[in-house]
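Below: one structure, written as C-alpha cells.
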Amino acid sequence: MQENKTVSIEDLLSNSEVKQITGKINQEIIERRGYQPPICEAFTKPFTILKENNDICLKIHSEAASQLPKMVENKVQDIEGIDLPDELLTTEYSLKRIIGIVFSGGPAPGGHNVIAGLYDAAKKANPESIIYGFLMGPDGIIENEAIKLTDDIIDAYRNMGGFSMIKTGRTKIDTQEKVALSKDTCKKLDLDALVIVGGDDSNTNAAFLAEEMFNDGVQVIGVPKTIDGDVQVRDANNNVLCAISFGFHSAARAFANSISNLCTDSSSDIKYWHICKVMGRVASHLALEVALQTHANLTLIGEELANYVDKSRIEKAHKENRIDYTAYGITLRHLSRVICNCIVKRAAAGKNYGVMVIPEGVLEFINEIQIFILKLNTIIAEYNETHDVDFHTNFLLLENKLEFLRRLATLSEDENKLSIWNRRDNDLFNDIPDFFQEGLLLERDSHGNFPFSQVETDKVLMGLVQDYLGILKENGTYKIGIHRNYYISTLEKGGVDPDCFGPVIFRNYDNGSELLLVKKTITSLKILKNSMISSGVIKENDEIPLAVEKIYLKSVPNFKTQSHFYGYDGRGTEPTRFDCNYTYNLGLTVFSLIAGGATGQMAAIMNLDHKFIDWKPIGIPIASLMHLEERKGKQALVLEKSVVDINSAAFRVVKALRDKWLAAEPGGDQYRCPGPIRFTGKSEEDRPITLVLNAIGGSGFNE
Ligand code: FBP
C-alpha cells in the first residue's frame, strides 16, 4: 500500500500537476483557441468586391422609406473574391481603417468569432488598421468607453462562448442626446465604421445610426445575433437570405443536452414530470429545435396555439347563424386541458412521468394574455410620458399598481367613455394569481419589450394543470395503467386468483389489453371494497386482499413536477462548430462590406441551411427588414421578428411525430440523446436540425 502523507498547502499549490489541473486553461480551451474555422470561397482570394444583386427583390415598408431615406436605395450585396483588382480598388481595400464593434442585447455563443473574423480581415488588408471594442454594449458608444483590440486579446477568445471580451448591454440609442454623444464618440475615435452585433432591436438601431451618420461618412453594419433565432430573412420571392441568427444552434444544443439528461432521469426514476421552460422571448424556434433534438414527450409551440381554431364552436355558431370570434385562438384554460390530456394518456400507459418543453414566450400567443400585455404596455407608456416619476418608481408595490388600475377602470365607468382599461379588464385581471399579475406588470426593457424571461410562465400553466388533473383524478379519468403481467404475478404471489378480481377492478380486463385501467367509478378503497362485495368476490366482513389493495394504490396517480429554466446557461455555452464557422465568416463578411463602402447593411451568410461549401457571404439592407410594431404603446419602425411558420417542414415533422414522442402506449419512450456540444470529432451535426428539415421540405413562408 502507498503511504498517504499529508503535503503542506504551500507544496501542494506549487506542485506542477496541481497547478495545471487547478489552472484556468484546460485541453478544451487549448483546442478551441487553436481552431481555425474554414472560410467561404470568396474569402480565399486576396481581395473582395461587392456586387449589387438585382435579382433579389426586397419590399420596403413606406414608413422605412420615409424614416430612412438615405438607406432605401440599398440593394443586396454579393461578396466576391478576386485575385487582382485594379489599382484604385486595391488602394481602397487596403486603406488603414478604424472600426468600432459593439455587442448589444443578450449574449449569444459565437460573438467573439465575429470580432476575430473582422480583426483578421482588417489586419490582413492593412496591418495598421485599428479595431476598437466598445465596452458594456451601446453605453460604451454613448460614453466613449472602448479598448483597442490586440492579437493577445483576440487569441484568448477565439471560438469561445459569451461576450465577456467586451461585455454587452441593452441600452437603446434612442434620444437625440444619445445619438449626439454616439456621433461624438465616432468622431473622437476617428471611426470609419461602426459594427453592431445584435438582435432585431439592435439592428434597428444600426439602421437609424447608419442614416444619422451617413453624412459624417461613418459606415454602420449590423450582424444577426440572438439565441432566439428570430432574426431570419427571406426576399419578396421567399428565397432564404439568412436562415438563422448566430448563437441559436449552440443554445439549442446546450438546452437539448440538459433536457435529454432529464428524459433519462425521468424515465429511470418514473415519478416526475419535468417542466422545462426554454428561452425565446416571443418565437418558439428554440423549443422546436429542442423537440427535434430530444423527442421530449410534449413540446408547446406558441405559433401553433395562436392559430388554434375551435371547430365545434364555429359549427355551433354557424348553425345559429352567428360568428363566434372567441373560437379563434387558444385560452390558458383550454391549453391546460390539452396538456392534461397528454398527461392522462401517458398515465394510462403506465407512465406517470415525462418531460414537457414550454417556450418562454408562449403567453404572447394566448389571446387573453396578449391583450393584457398590450393594454398594460400602453398604460405604462402613457403614464411615463405624462409624469415626471415613472410608473414603476411611483407604484412600487403590486397593491399600488392594482389600485391604480382599479381607479382607471372606475374612471372609465364614471365618465362613461371608452377606455383602455375597463371594469371587465380589471375583474379578469384580479382573477389571476398575484405572482402572475406582478409578472404582467414588470418593467419593460429600453426597447419596450415585455420581459418574458422573468415571468413564471410554467407556474401559471402548471397551476391550471394541477387543478384540472385534480378534477380528472376525482372523476376517475386520471389513472395509472397497470401492466397485466404485473397484476397477475402480484395477485398470484398474494395467493389470490387474478381472473376472479380482474373484471371487477378493471374496465378492460376481458379485452386482453396489456395495460389494465381501473374502472372510472372506483375512486377510493371504500368504493373498491363495495364493488367487490356487490359482485360477490368478497363478503361483507372480508378485508380487501392485500395484493388487490397494492394494485389499486399503484393505479392512483400523484402528479409531481420539477421545474427548470433553460436560458442564461445556453447563452453562455461554448459555441458549436456550426456557430464558430458561421460567426468567423460573418466577421469576414463585415470587413468586406466596410471595405466595399456599404452602410446600413446586415452581414449575412446565404445557404446556411446547406453544406458549408455552398455558404455565400452577402450584405442585406436593414431598412428592407423593417415594419411597424407596437412598442411602449406606440407604433414603431423595427426589424420584423421571424416566428415559427407552422407550414415549415421542421414544424410539420414535429407535429407528425408528436404522438410517437408522447409515447402514450406500452413500451419504451422515444427519447433522443444528442449528447453535449462536441467541438472536435465527427459526431457533431453540422447544422441545426430545423435548418436541415426546412432545406429539404420548405421553410413554409407563403407556401
Ligand atoms: P436578444 O434578443 O438580445 O438576443 O436576447 C434574447 C434573450 O436571450 C431572450 O431569449 C430572453 O427573453 C431575454 O434575452 C432575456 O433578457 P435579459 O438578459 O434582459 O434577462
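The values are calculated or read from the model by the stated rules, or taken from the named source; none is laboratory data. Keep in mind that what you see is a predicted model, and the values were worked out from it rather than measured. When we count neighbours, we look across all protein chains shown, and the Cβ atoms used for this are built from the backbone with ideal geometry, even at glycine. Remember, those area values only see protein heavy atoms, side chains included, never the ligands or the DNA or RNA. Shrake-Rupley method; radii C 1.70, N 1.55, O 1.52, S 1.80 Å.
A quick yes/no check of all residues on (1) within 28 Å of the chain's Cα centre (by Cα); (2) open to solvent by 60 Å² or more (accessible area, probe 1.4 Å):
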| residue | (1), (2) |
| --- | --- |
| LYS19 | no, yes |
| ILE30 | no, yes |
| GLU92 | no, yes |
| GLY100 | no, no |
| ALA108 | yes, no |
| VAL114 | yes, no |
(message) Would you confirm whether or not the range 41-63 contains a residue that is without any contact (Cβ under 8 Å) to a residue 24 or more places away in the chain and not hydroxyl-bearing (Ser, Thr, Tyr)?
(response) yes
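Listed here are the residues, each with its yes/no results for (1) in the same structural domain as GLY280 (by TED's automatic domain parsing); (2) small (Gly, Ala, Ser); (3) closer than 20 Å to LYS634 by Cα; (4) within 16 Å of the ligand (Cβ to nearest atom).
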{"position": "LEU376", "(1), (2), (3), (4)": "no, no, yes, no"}
{"position": "HIS387", "(1), (2), (3), (4)": "no, no, yes, no"}
{"position": "ASP390", "(1), (2), (3), (4)": "no, no, yes, no"}
{"position": "LEU397", "(1), (2), (3), (4)": "no, no, no, no"}
{"position": "ALA409", "(1), (2), (3), (4)": "no, yes, no, no"}
(request) Please go through the range 640-662 and pick out each residue that is without any contact (Cβ under 8 Å) to a residue 40 or more places away in the chain and either acidic (Asp, Glu) or part of a loop (DSSP other than H, G, I, E, B) (or both). (result) ASP659
(request) Just one of (1) under 24 Å from PRO666 (Cα atoms); (2) in a loop (DSSP other than H, G, I, E, B) trips up ASN321, so point out which. (result) (1)
(message) on the phi > 0 side of the Ramachandran plot and open to solvent by less than 10 Å² (accessible area, probe 1.4 Å): which single residue out of GLY247, GLY222, GLY217 fits that description?
(response) GLY247
(message) I need the full set of residues from the range 116-129 which are touching a residue at least 24 places away in the same chain (Cβ under 8 Å) and open to solvent by 30 Å² or more (accessible area, probe 1.4 Å), in order please.
(response) ASP120, GLU128
(request) Look through the range 139-148, keep the residues that are aliphatic (A, V, I, L, M) and under 15 Å from ALA193 (Cα atoms), and return whichever of them is most open to solvent (accessible area, probe 1.4 Å). (result) ALA146
(message) Quick check on the range 678-691. Is at least one of its residues open to solvent by 40 Å² or more (accessible area, probe 1.4 Å) and modelled with pLDDT of 95 or more?
(response) no
(message) Give all pairs with beta carbons closer than 6 Å in which a residue from the range 447-459 that is without any contact (Cβ under 8 Å) to a residue 40 or more places away in the chain meets a residue that is open to solvent by 10 Å² or more (accessible area, probe 1.4 Å) and part of a loop (DSSP other than H, G, I, E, B); count only pairs at least 6 apart in sequence or on separate chains.
(response) PRO451/LEU442; GLN454/LEU442
(request) Scan ALA291, ALA210 and give me the residue that is at pLDDT 95 or above and over 29 Å from PHE591 (Cα atoms). (result) ALA291
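Looking at the range 11-52, which of its residues are assigned to a loop (DSSP other than H, G, I, E, B) and of a type in the set (Gly, Ala, Ser)?
Of the residues in the range 11-52, the ones assigned to a loop (DSSP other than H, G, I, E, B) are 15, 23-26, 35-40, 45-46.
The answer is GLY23, and nothing else.
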(message) Within the range 608-639, take every residue that is assigned to a loop (DSSP other than H, G, I, E, B) and open to solvent by 60 Å² or more (accessible area, probe 1.4 Å) and give me the one that is farthest from ASN239 (Cα to Cα).
(response) LYS632
(request) Specify the residue that is surrounded by the most Cβ atoms within 10 Å (Cβ to Cβ); the eligible residues are those in the range 519-550 that are in contact with a Phe, Trp or Tyr (Cβ under 7 Å, 6 or more places away or on another chain) and touching a residue at least 40 places away in the same chain (Cβ under 8 Å). (result) VAL548
(message) Can you pull out every residue in the range 559-582 that is in contact with a Cys (Cβ under 7 Å, 6 or more places away or on another chain) and either of a type in the set (Lys, Arg) or within 11 Å of the ligand (Cβ to nearest atom) (or both)?
(response) TYR566
(message) Residues that are at positive phi and either within 22 Å of the chain's Cα centre (by Cα) or free of Cβ contacts under 8 Å to residues at least 12 places away in the same chain (or both): does the range 335-353 have at least one?
(response) no
(message) Just to confirm my filter: which strands (runs of 3 or more DSSP E) fall fully inside the range 204-288 and include at least 3 residues that are over 12 Å from the mean Cα position of the chain (by Cα) and more than 16 Å from the ligand (Cβ to nearest atom)?
(response) 219-224, 273-278
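Starting from residues that are under 13 Å from the mean Cα position of the chain (by Cα) and not polar (S, T, N, Q), keep the ones in the range 289-307 and report whichever is surrounded by the fewest Cβ atoms within 10 Å (Cβ to Cβ).
LEU300
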(request) Identify all residues within the range 138-196 that are among the polar types (S, T, N, Q), more than 30 Å from PRO38 (Cα to Cα) and in a loop (DSSP other than H, G, I, E, B); write none if there are none. (result) ASN144, THR171, THR175
(request) Could you check MET136 against (1) more than 16 Å from the ligand (Cβ to nearest atom); (2) open to solvent by 10 Å² or more (accessible area, probe 1.4 Å); (3) among the aliphatic types (A, V, I, L, M) and say which number it fails? (result) (1)
(request) Please work out which residue is farthest from ILE301 (Cα to Cα), limiting yourself to the range 347-382 and to residues that are in a helix (DSSP H, G or I) and among the polar types (S, T, N, Q). (result) THR378
(request) Any chance you could count how many residues in the range 433-476 are touching a helix residue (DSSP H, G or I) at 6+ places or on another chain (Cβ under 8 Å), assigned to a loop (DSSP other than H, G, I, E, B), away from the ligand (no atom under 16 Å from the Cβ) and open to solvent by less than 40 Å² (accessible area, probe 1.4 Å)? (result) 1
(request) Spot the failing condition for TRP421; the list is (1) modelled with pLDDT of 90 or more; (2) open to solvent by less than 70 Å² (accessible area, probe 1.4 Å); (3) not in a loop (DSSP other than H, G, I, E, B), and only one is missed. (result) (3)
